[in-house]
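Take a look at the structure set out below.
The values are calculated or read from the model by the stated rules, or taken from the named source; none is laboratory data. Since the structure is predicted, the reported quantities are computational estimates derived from the model, not experimental observations. All Cβ positions, glycine included, derive from the backbone under ideal geometry; neighbour counts span all protein chains shown.
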Amino acid sequence: MSIETSLVIFKPDAVAKRLVGPVLARFQAAGFQLRGIKMMLLGEDILHEHYAHISHLTVYPQLISFMRQAPVVVAALEGENAISAIRDLLGPTDSQVAAPGTIRGDFGENKMINVCHASDSAESAAVEVRRFFKDCEVFTF
């Protein structure tokens, strides 16, 4: 087991539905330590950088529009095998097939309106945390 840090973005739907607290509580109950958190509006530049790997998909413009429509909350969460464990807690990207008891199964609507984004690898997490947080905004305890 290894200690990892993952980026989690509470998407506009999570903020609008007041789910940030309940979902963050699930992550903390599962043993993850909050290392950084902030609310922000995402501009096109950061979104194009963040979602560059899927820019070829037809849903890309709709995703950028959705992520810009309202503030998001970004968090850096640390824990044992955080990358895979957080993704397991979230459930599949498509909320319609996510099992009850997973975050997306309980609160999501579809592949886009699915509560949170989470890093998919240690390499992605390192890049994503640096993309959304300055070094002085991520704390070690």
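When Met67, Met1, Met39 are checked against the criterion of being at pLDDT below 95, touching a strand residue (DSSP E or B) at 6+ places or on another chain (Cβ under 9 Å) and not basic (Lys, Arg), Met1 stands alone in meeting it. The number of residues in the range 6-21 that are surrounded by fewer than 22 Cβ atoms within 10 Å (Cβ to Cβ) and either without any contact (Cβ under 8 Å) to a residue 40 or more places away in the chain or touching a Ser or Thr at 6+ places or on another chain (Cβ under 6 Å) (or both) comes to 2. Applying the criterion of at least 1 residues that are in contact with an Asp or Glu (Cβ under 6 Å, 6 or more places away or on another chain) and more than 30 Å from Met1 (Cα to Cα) to the strands (runs of 3 or more DSSP E) found wholly in the range 12-121 leaves an empty list. Checking Lys134 against (1) under 19 Å from Ser6 (Cβ atoms); (2) touching a residue at least 60 places away in the same chain (Cβ under 8 Å), which single condition isn't satisfied? Of the numbered conditions (1) under 19 Å from Ser6 (Cβ atoms); (2) touching a residue at least 60 places away in the same chain (Cβ under 8 Å), the odd one out for Lys134 is (2).
Could you list, in sequence order, all residues of the range 88-141 that are among the charged types (D, E, K, R) and surrounded by fewer than 20 Cβ atoms within 10 Å (Cβ to Cβ)? Within the range 88-141, Asp88, Asp94, Asp106, Glu109, Lys111, Asp120, Glu123, Arg130, Arg131, Lys134, Asp135, Glu137 meet the criteria.
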